[in-house]
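None of the figures in this text is laboratory data; all of them are computed from the coordinates on show. Because the structure is a prediction, the values reported are computed rather than measured. Cβ coordinates were reconstructed from backbone atoms using ideal geometry, including for glycine residues, and neighbour counts include every protein chain displayed.
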Amino acid sequence: MTQNQSNRIAQCFAQLEAQGRKALIPFVTAGYPSKATTPALMHAMHAAGADIIELGVPFSDPSADGTTIQKASDVALANGIGLVQVLEHVRSFRQTNQTTPVVLMGYANPIERYDQLRNEGDFVKDAAAAGVDGLLVVDYPPEEAHALHQQLRAQNMDLIFLLAPTSTPERMQQINAIASGYVYYVSLKGVTGSKALDTQQVAQALPLIRAHVKLPVGVGFGIRDAVTAKSIAQDANADAVVIGSRLIELLRDNPGEAGVQAVAQLLSDMRQAMDSKA
């Protein structure tokens, strides 16, 4: 690699801060809508202005994902996508892109199963070798994540956590003690894909989070268009905007290359809006 992997996420946020800009973080499900789509889609998202890419690991029993991403996971699983294939996607992406951070987002079961079939800690080692920069494991609370945290730190990788409107100051402090890279603020009570985003509530929540968590704060759930992305980035003053379900819908509704182009166009529109002056 031409760049120290341990610095990719931190350098990304540092560069954006120096430029007075906010991070755009798209989420897509690995292997959706087809096995061959993902690496090309990752490159297209980067070219459209994505700063960090969250790659969803398909799982049969998700707890935080709405119907759109659940169905995408079902399709990806039917396409034969597991962690082995997800790491292949990342390795393919890294052949020509060694700078854009990649975060895997998913659940504990596939990770634990991966190590059961091999040796404890093998997943983190293999993910690091593939070029993964961080993990967001939805169902690992900080109390249960110390072993994973140590494995990731040994490979200079980040452990990213979700925060919710219901998170207490004590929970935020627990997460601050173990998290790195950034934290992902779930902007509403519910699952991905909701259309009930309240920018004012987000703007009120972020200073409270920053009082306890000394990392960049990304905001997701309910962001579907350029106007909302700009509002979250500028009015609410989030460090990053995360969009997922809307991208999955575009891939679903626009078959083949048209889906990749539709995703790229939306991200380009969001990037332009987020960078525009109020």
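In terms of the ratio Rg/(2.2 N^0.38 Å) built on C-alpha atoms, what value belongs to the stretch 12-60? All intermediate terms of the calculation are to be shown ahead of the outcome.
Numbers: Rg = 12.8 Å, N = 49, 2.2 N^0.38 = 9.7 Å.
After normalising by residue count via 2.2 N^0.38 Å, the value is 1.33.
Apply the Karplus parameterisation 6.51 cos²θ - 1.76 cosθ + 1.60, with θ equal to phi minus 60°, to every residue of the stretch 225-230 and state each ³J(HN,Hα) to the nearest whole Hz, in sequence, with x for glycine and proline.
3J(HN,Hα) across the stretch 225-230, in whole Hz: 8, 5, 4, 5, 4, 5.
How fast does the stretch 1-136 diffuse by Stokes-Einstein, in µm²/s, taking the Kirkwood radius from C-alpha pairs at 10 °C and 1.306 mPa s?
Details: Rh = 15.3 Å.
Translational diffusion coefficient: 104 µm²/s.
Tell me, what HN-Hα J-couplings in whole Hz come from the Karplus equation 6.51 cos²θ - 1.76 cosθ + 1.60 at θ = phi - 60° for each residue of the stretch 92-100, using x for Gly and Pro?
Result, ordered by residue: 4, 4, 6, 4, 10, 9, 10, 10, 6 Hz.
Are there trypsin sites (Lys or Arg not before Pro) in the stretch 100-180 that DSSP puts in a loop and that have at most 14 other Cβ atoms within 10 Å, and which ones? Mind showing how you got there, number by number?
Working: sites: Arg113, Arg118, Lys125, Arg153, Arg171; in loops: Arg118.
Those that pass, being in a loop and sparsely packed, are Arg118.
Which residues' amide hydrogens lie under 5 Å from the amide hydrogen of Leu163, considering only partners 5 or more residues apart or on another chain, with H built in the peptide plane?
Tyr184, Tyr185, Val186
Given 5 Å bins starting at zero, what is the percent of C-alpha pairs of the stretch 138-278 in each, up to the one with the largest pair distance?
P(r) over the stretch 138-278, rounded to whole percents: 2, 10, 18, 19, 18, 15, 11, 6, 2, 0.
Per residue, how big is the convex hull around the C-alpha atoms of the stretch 93-151? Give it to me in cubic angstrom, could you?
Convex hull volume per residue, Cα atoms: 88 Å³.
Among Gln201, Ala154, Tyr184, which residue has its Cα positioned farthest towards the positive end of the charge dipole of the stretch 142-264, with +1 placed on the Cβ of Lys and Arg, -1 on the Cβ of Asp and Glu, and the dipole taken about the Cα centre?
Positive-end residue among those listed: Gln201.
Let me spell out the model: positive unit charges on the Cβ of Lys and Arg, negative unit charges on the Cβ of Asp and Glu, origin at the Cα centre of the chain. What dipole size does that give, in debye rounded to 20?
On the way: 22 positive and 27 negative charges, 104 e Å.
Using Cβ point charges on Lys, Arg, Asp and Glu, the chain gives about 500 debye.
Rounded to whole Hz and in sequence order, give me ³J(HN,Hα) for the stretch 34-43 from the Karplus expression 6.51 cos²θ - 1.76 cosθ + 1.60, θ = phi - 60°, writing x for Gly and Pro.
Rounded to whole hertz, the list is 8, 4, 7, 6, 4, x, 5, 5, 4, 5.
Can you give me the three principal axis dimensions of the chain from its C-alpha atoms, in Å, biggest first?
Largest first, the chain extends 50, 44, 38 Å along its Cα principal axes.
For the stretch 5-272, what relative contact order do you get, as a whole percent, if you take Cα pairs closer than 8 Å and at least 6 residues apart? Don't jump to the answer; show the numbers that get you there.
Values: 488 pairs, mean separation 57.2, N = 268.
Relative contact order comes out at 21 percent.
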